[in-house]
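Participant: Got a structure here, written out as structure tokens. Questions coming.
The values are calculated or read from the model by the stated rules, or taken from the named source; none is laboratory data. Please read these numbers as outputs of a predicted model, since none were measured by experiment. In this analysis, Cβ positions are derived from the backbone assuming ideal geometry, glycine residues included, and neighbour counts consider all displayed protein chains. Accessible surface is based on the protein model in full, side chains and every heavy atom, while ligands, DNA and RNA are left aside. Shrake-Rupley method; radii C 1.70, N 1.55, O 1.52, S 1.80 Å.
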Amino acid sequence: CPVIVYLLFCVFIVTIKTLVFPSETSDSYVEMVPLKPLQLKAFTLCMRLATELKGEREVILFAYRTGDYDELNVWRELDGRLSFYLSGDGVFFQVPELGALKTHLCVTWDSSSGAATVFMDGRKSLTKIYKKGHTIRAGGKVLLGQDPDSYLGDYDAKQSFVGEVCDVNMWDSVLPDRTIKDLVSGKRVQRGNVFDWETIQLKISGTVEVIHREL
Amino acid sequence: CPVIVYLLFCVFIVTIKTLVFPSETSDSYVEMVPLKPLQLKAFTLCMRLATELKGEREVILFAYRTGDYDELNVWRELDGRLSFYLSGDGVFFQVPELGALKTHLCVTWDSSSGAATVFMDGRKSLTKIYKKGHTIRAGGKVLLGQDPDSYLGDYDAKQSFVGEVCDVNMWDSVLPDRTIKDLVSGKRVQRGNVFDWETIQLKISGTVEVIHREL
Amino acid sequence: CPVIVYLLFCVFIVTIKTLVFPSETSDSYVEMVPLKPLQLKAFTLCMRLATELKGEREVILFAYRTGDYDELNVWRELDGRLSFYLSGDGVFFQVPELGALKTHLCVTWDSSSGAATVFMDGRKSLTKIYKKGHTIRAGGKVLLGQDPDSYLGDYDAKQSFVGEVCDVNMWDSVLPDRTIKDLVSGKRVQRGNVFDWETIQLKISGTVEVIHREL
């Protein structure tokens, strides 16, 4: 029964490319090229990240901007909460502080119900109702590391990301909780259809190191 | 070998009824009808909960009151510690703050040794010795959402529960650590014999929503 | 197929000896006798611990001292960060606070790259570069509970450990992340070759209780 033998005895060491933002800058960022336009009525966005930025400091975790709008920005807020913004006011979650330990973070949103949740290391938050009926617009650019206040510029070092980030994947649907738990433990159950970190094309600007780490 | 096939390929999405207390009130609560009288010399009490109440705010998590006594009350204290009280002074545990992420919480106590512990998401606390030889009395009522300061009334909005709670189960014994870890991951290894959330009779007062969420 | 039957139906309750330091002292400690000299160019050091010491309080978690040097000391710092020191300045990690819940903590370091990381409950930190090329010296003593400021004395109650600690194991190499995750879940994948808690010789001074707890 070879499948069983495989499950019991084989351990593979999997490495993954990891982006290291070593210091606070206003010009280091990574553009991620999507597999399809980001016209979205639902999404799941996941990443692994660690940052020791602390105290009264906003940190941009993901920025998708079109000409005039922050279409989907994910933040660590001044007070430690996580939030995301779909062109306008945001939705906030009071969660454990990001820190030196790598966190597997997912954000999900569904336009039809407005259900918005976050997951940290597979633990799901309570559900908030946010921007029911909204659609995220296509035609912009996605950045890691900086928050563009115009298209694409006006970066603020005091909002930049410093730390390690990897395994950024995105889907145009809300994944089942069970699937997100599998992602945390490294099972590649389903590849992202908007961003797939294994094959993703990255455009690096400024000082960002790409290293390979054990997943 | 059908058992194996089942293990490898079948993923069920399990939903569970969840109580949502949307706002601070002094009159919203849920009475839970027990399967047997709560005359207890040991117990394990588990639940999943999320609450964004924060700062200088007590939060009642479980209240079992007889005529004159708070027989078994579980609290989030002003300073974020978890505690429980068996008719008198309580026992306190310094644990990570409750927040937007759902926490699987268990409390165990055994009269013969006095051993008291809490578990959060399967992580066990150190052991404290508390009320050795005590017996919890039968004949009262169990509430979620409010702390009755008389039988049954005198609710204080500033102590009420706001957030989501589900999967409240109770046993008249201390479960092995391993069993509690299985409960966290959703394995229904053993149904509660004092409260069993799957079959429980709930009496809802005030504004409490019952929704179904993926476990 | 007996292997499968074993996997599906057998649950063993494993107990482990646990050291309880019940109160703050300047004379309670445990010396751990190593299996080989601690001349090390790499290591993995793991333990399970819980402590409710809080606020402006340093806590010594592991002290290896030779005649004139703190060769390898692991601390909870005043501000809650974890750190370790290899004879000189330390390396710091901003992590969740230690508390009443038992934490599985590992520290790894490799001289050839200088890579230093911590793991809490299997979650790995970002990587810091620290003391590349350094070698830890043999010939000292390892203590739990106190930090010796001379060889071996000058203990400070305000730095002592109070709480529970067990499962202290050490290797002279950096274990794969996967192996550390297995250790967290209690799989005895690889016994420590510097310290092996199952067979370790302990020399207890002062008030330290040895109890057996379910792992």
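Participant: Which of the residues that make up region B:126-140 are buried (at least 19 other Cβ atoms within 10 Å of the Cβ) and not in a loop (DSSP other than H, G, I, E, B)?
Facilitator: The one that is buried (at least 19 other Cβ atoms within 10 Å of the Cβ) and not in a loop (DSSP other than H, G, I, E, B): B:136.
Participant: Sticking with this one: Considering only region B:206-215, I want to know if a residue exists there that is over 21 Å from residue B:99 (Cβ atoms) and in contact with an Asp or Glu (Cβ under 9 Å, 6 or more places away or on another chain).
Facilitator: Within region B:206-215 (the criterion being over 21 Å from residue B:99 (Cβ atoms) and in contact with an Asp or Glu (Cβ under 9 Å, 6 or more places away or on another chain)), the answer is yes, since at least one residue qualifies.
Participant: Note down all Cβ pairs under 7 Å where the first residue falls in region C:176-195 and is within 14 Å of chain A (Cβ to nearest Cβ), the second is of a type in the set (Gly, Ala, Ser) and surrounded by 14 or more Cβ atoms within 10 Å (Cβ to Cβ), and they're at least six residues apart or on different chains.
Facilitator: Every condition considered, the pairs that remain are C:180/C:122; C:181/C:122; C:184/C:122.
Participant: What number goes with the only condition from (1) of a type in the set (Phe, Trp, Tyr); (2) out of contact with any Pro (no Cβ under 8 Å at 6 or more places or on another chain); (3) open to solvent by 40 Å² or more (accessible area, probe 1.4 Å); (4) in a loop (DSSP other than H, G, I, E, B) that residue B:155 does not pass?
Facilitator: Exception for residue B:155: condition (2).
Participant: Could you check how many residues of region B:70-90 are over 19 Å from residue B:37 (Cα atoms) and assigned to a strand (DSSP E or B)?
Facilitator: Result for region B:70-90: 6.
Participant: Taking the conditions exactly as written (out of contact with any Gly (no Cβ under 6 Å at 6 or more places or on another chain) and not polar (S, T, N, Q)), does residue A:79 satisfy them or not?
Facilitator: Working: out of contact with any Gly (no Cβ under 6 Å at 6 or more places or on another chain): yes; not polar (S, T, N, Q): yes.
Yes; evaluated as a whole, the condition is true for this residue.
Participant: Across region C:96-125, what is the total count of residues that are open to solvent by less than 20 Å² (accessible area, probe 1.4 Å) and either over 18 Å from residue C:165 (Cα atoms) or part of a loop (DSSP other than H, G, I, E, B) (or both)? Spell out the reasoning first.
Facilitator: At the first step, the residues of region C:96-125 found to be open to solvent by less than 20 Å² (accessible area, probe 1.4 Å) are C:98-101, C:103-109, C:111, C:114, C:116-120, C:122, C:125.
Restricting the remaining residues to those that are either over 18 Å from residue C:165 (Cα atoms) or part of a loop (DSSP other than H, G, I, E, B) (or both) gives C:98-100, C:108-109, C:111, C:114, C:116-117, C:122, C:125.
Residues flagged as open to solvent by less than 20 Å² (accessible area, probe 1.4 Å) and either over 18 Å from residue C:165 (Cα atoms) or part of a loop (DSSP other than H, G, I, E, B) (or both) within region C:96-125 amount to 11.
Participant: Here's another thing I want to ask about it. Looking at (1) open to solvent by 40 Å² or more (accessible area, probe 1.4 Å); (2) modelled with pLDDT under 95; (3) outside any strand (DSSP E or B), which one does residue B:213 not meet, given that it meets all the others?
Facilitator: (3)
Participant: Scan region A:46-69 residue by residue and report those that are away from every other protein chain (no Cβ under 13 Å) and either open to solvent by 50 Å² or more (accessible area, probe 1.4 Å) or in a loop (DSSP other than H, G, I, E, B) (or both).
Facilitator: A:56, A:58, A:66, A:67, A:68, A:69, listed by residue number.
Participant: Being without any contact (Cβ under 8 Å) to a residue 60 or more places away in the chain and more than 20 Å from residue B:120 (Cβ to Cβ): is that true of residue C:144 here?
Facilitator: On the way: without any contact (Cβ under 8 Å) to a residue 60 or more places away in the chain: no; more than 20 Å from residue B:120 (Cβ to Cβ): yes.
Here the answer is no, as residue C:144 does not meet what is asked.
Participant: Moving on to the next point. Residues in region B:141-152 that are assigned to a strand (DSSP E or B) and either at pLDDT below 95 or of a type in the set (Gly, Ala, Ser) (or both): how many?
Facilitator: The initial filter retains those residues of region B:141-152 that are assigned to a strand (DSSP E or B), namely B:141-144, B:150.
Restricting the remaining residues to those that are either at pLDDT below 95 or of a type in the set (Gly, Ala, Ser) (or both) gives B:150.
Of the residues in that region, 1 qualify.
Participant: Continuing with the same structure: I'd like the residue in region B:15-27 that is over 17 Å from the mean Cα position of the chain (by Cα) and β-branched (Val, Ile, Thr) and, out of all such residues, is nearest to the other protein chains (Cβ to nearest Cβ). Give the derivation first.
Facilitator: Filtering region B:15-27 for residues over 17 Å from the mean Cα position of the chain (by Cα) gives B:15, B:22-27.
Adding the requirement that they be β-branched (Val, Ile, Thr) leaves B:15, B:25.
Numbers: B:15: 10, B:25: 17 Å.
Once the filter is applied, the top-ranked residue is B:15.
Participant: Further question: Taking region A:49-95, which residues are within 27 Å of residue A:185 (Cα to Cα) and in contact with a helix residue (DSSP H, G or I) (Cβ under 9 Å, 6 or more places away or on another chain)?
Facilitator: Scanning region A:49-95 gives A:59, A:60, A:75.
Participant: Please verify whether region B:19-36 includes one or more residues that are modelled with pLDDT of 95 or more, farther than 30 Å from residue B:57 by Cα and either of a type outside the set (Ser, Thr, Tyr) or open to solvent by 20 Å² or more (accessible area, probe 1.4 Å) (or both).
Facilitator: Yes, region B:19-36 has at least one match.
Participant: Mind listing whichever residues of region A:72-103 are within 14 Å of chain C (Cβ to nearest Cβ) and farther than 30 Å from residue C:177 by Cα? Let's see the steps before the verdict.
Facilitator: Initially, region A:72-103 is screened for residues within 14 Å of chain C (Cβ to nearest Cβ), giving A:76, A:80, A:95-103.
Scanning region A:72-103 gives no hits.
Participant: Kindly provide the set of residues from region A:28-45 that are assigned to a strand (DSSP E or B) and more than 12 Å from the chain's Cα centre (by Cα), ordered by number.
Facilitator: Looking only at region A:28-45, we keep the residues that are assigned to a strand (DSSP E or B), and these are A:29-33, A:40, A:42-45.
A:29, A:30, A:31, A:33, A:40, A:42, listed by residue number.
Participant: In addition: Go through region B:70-80 residue by residue and tally those that are over 17 Å from residue B:163 (Cβ atoms) and buried (at least 17 other Cβ atoms within 10 Å of the Cβ).
Facilitator: So the count comes out to 4.
Participant: Could you tell me which residue of region C:168-196 is modelled with the lowest pLDDT, considering only residues that are closer than 14 Å to residue C:16 by Cβ and surrounded by fewer than 21 Cβ atoms within 10 Å (Cβ to Cβ)?
Facilitator: Among those residues, the one meeting the criterion is C:188.
Participant: Going through region B:137-166 one residue at a time, which ones are more than 14 Å from every other protein chain (Cβ to nearest Cβ) and among the charged types (D, E, K, R)?
Facilitator: In the first step, residues of region B:137-166 are kept if they are more than 14 Å from every other protein chain (Cβ to nearest Cβ); the result is B:137-160.
Residues satisfying the conditions are B:137, B:141, B:147, B:149, B:154, B:156, B:158.
Participant: Shifting gears a bit: Within region B:126-154, can you find the residues that are of a type in the set (Val, Ile, Thr) and farther than 28 Å from residue C:166 by Cβ?
Facilitator: Initial filter on region B:126-154 (of a type in the set (Val, Ile, Thr)): B:127, B:129, B:135-136, B:142.
Answer for region B:126-154, where residues must be of a type in the set (Val, Ile, Thr) and farther than 28 Å from residue C:166 by Cβ: B:135, B:136, B:142.
Participant: Of (1) of a type in the set (Ser, Thr, Tyr); (2) touching a Lys or Arg at 6+ places or on another chain (Cβ under 8 Å); (3) surrounded by 17 or more Cβ atoms within 10 Å (Cβ to Cβ), residue C:160 satisfies all except one. Which?
Facilitator: Unmet for residue C:160, out of (1) of a type in the set (Ser, Thr, Tyr); (2) touching a Lys or Arg at 6+ places or on another chain (Cβ under 8 Å); (3) surrounded by 17 or more Cβ atoms within 10 Å (Cβ to Cβ): (2).
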